[in-house]
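See structure below.
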Ligand SMILES: Nc1ncnc2c1ncn2[C@@H]1O[C@H](COP(=O)(O)OP(=O)(O)OP(=O)(O)O)[C@@H](O)[C@H]1O
Ligand SMILES: [Mg+2]
């Protein structure tokens, strides 16, 4: 193992001292994004990994809130029938229009399903268990992979960024998200099986690029639940960096119980514990994505 992934290491080089981040590149704080002159049309980013529990929903909620905090207009789409994104932002998706209704009737105005959250600048289109029927209902539709793209096209002018929180599967819903997206963000949990299945995910993205959405880009691989105190976590991150190089975002999300606590409270971490390192990490992720051009 190289010294580069041993947490945040200091490498003394003569008089200059270079602080290395956990991915082994020099640490950067990333500048506060400049205010936007105008808004929209949104860049659409799908958060995908068919492995469960890697931090897709946590990242969608907290990145969305962080970007809203920087004055971006953000729409988060709950694209998982479990409705964890909706619940994590204290939205009760019962008896309200959901993303499922929009998929079933693409003539409907998607604004009907938008819910404002208590975070200024952050809106959500919720989901509930109805969405689990979508794959069956949509399978016989014409152009079944482009249904979400057609829904989002109508609402994209209202936002600067749309984040789509995918379910842990590579089924038709995820293919819809990848077809609608300009970019894809892959959260990877820093644990032993992190890379298992990632080849299949990359293959799926490549197929979508080839057949449905030639412009889709990999916006980044985000290491989550990183614990710099364990050799294991550091080794996994090193392997992820070996596999993805500079596509691994410099911002790494540490493991902390603050996330489950924040979810229970229905608040993003940036509101629940704004001073906590975890809130600061998502703010930094937002700045990094702006610096990389993934978000306006
Ligand atoms: N950095 C973290 N540190 C500790 N716990 C975390 C962290 N990120 C997420 N969690 C917790 O891990 C669990 C799974 O996270 P999350 O729901 O974001 O994953 P997911 O990829 O969306 O899961 P699913 O595939 O089921 O949709 C949640 O209980 C969440 O609170
Ligand atoms: Mg989830």
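Just so you know, all these numbers are worked out from the coordinates, no wet-lab data involved. Being a predicted model, the structure only gives us computed values, none of them experimental. Backbone-built Cβ (ideal geometry, glycine too); neighbour counts: all protein chains shown.
Worth pointing out:
- Rg and Dmax [Cα atoms of the range 168-227; Å; Rg one decimal, Dmax integer]: 12.0, 39
- Net lengthening on full extension, residue 105/residue 257 (0.36 nm per residue, minus Cα-Cα): 50.7 nm
- Projected area averaged over orientations for the range 37-291, convex hull of C-alpha atoms, nm²: 12.9 nm²
- The residue 277 and residue 96 beta-carbon pair, evaluated with R₀ = 35 Å, returns a calculated FRET efficiency of approximately 0.50.
- Segment residue 242-residue 192, length gained on full extension (0.36 nm per residue, minus Cα span): 16.5 nm
- Computed over the chain, the per-residue total of -39500 (n - 2.57) for DSSP H runs of n ≥ 4 gives a 222 nm mean residue ellipticity of -10000 deg cm²/dmol, rounded to 500.
- A simple packing score, the average count of other Cβ atoms within 10 Å per residue, orders the peptides 262-268, 249-255, 210-216 as 249-255, 262-268, 210-216, with the highest score first.
- Between residue 230 and residue 144, the contour length at 0.36 nm per residue exceeds the alpha carbon distance by 26.5 nm.
- Spin-label pair residue 218/residue 133, simplified geometry with 7 Å Cα→Cβ offset, distance in nm: 3.8 nm
- Gyration tensor over the Cα atoms of the range 182-296: the corresponding equivalent ellipsoid has semi-axes (square roots of 5 times the eigenvalues, largest first) of 26, 19, 13 Å.
- DSSP assigns beta bridges within the chain; of those with both partners inside it, close to 25 percent run antiparallel.
- Ordered by the count of other Cβ atoms within 10 Å of each Cβ, fewest first, 150, 118 give 118, 150.
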